[in-house]
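None of the figures in this text is laboratory data; all of them are computed from the coordinates on show. Since the model is a prediction, treat every value here as computed from it, not as a measurement. Here Cβ is always computed from backbone atoms with ideal geometry, including for glycine, and neighbour counts include all displayed protein chains.
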Amino acid sequence: MWELREARRRLKAEGYQAVNEDLIFDAYNRLRALEDEAIRDTKKARRAAQQRRMHGQIARPTLSPARPPIDGPFDHLDDIQPFDEIEELDG
């Protein structure tokens, strides 16, 4: 019964003065389509929320702070200076 009342209410809101059986069934079908779409959207939203919860529980790797360079055979590389001129060799 409430579906009939809702269909009539929507038809009046759309500007229909007189309603007939065809208009009522058309409005009813549109209400059902709207309900089906809401169900799909709700399921989609529920799945997305569940995925966000599940992915939020995954431990993400944390970046370790940068380590200072280890002393080794390449410590003198900081002393290297660029060339002022480079000679080209023919040959």
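What dipole magnitude, in Debye to the nearest 20, does region 2-57 give about its Cα centre under +1 on Lys/Arg Cβ and -1 on Asp/Glu Cβ?
Working: 14 positive and 10 negative charges, 119 e Å.
Dipole size: approximately 560 debye.
Would you mind calculating the gained length between Ala33 and Met54 on full extension (0.36 nm times residue separation, minus the Cα-Cα distance), in nm to one decimal?
My answer for the length gained is 4.4 nm.
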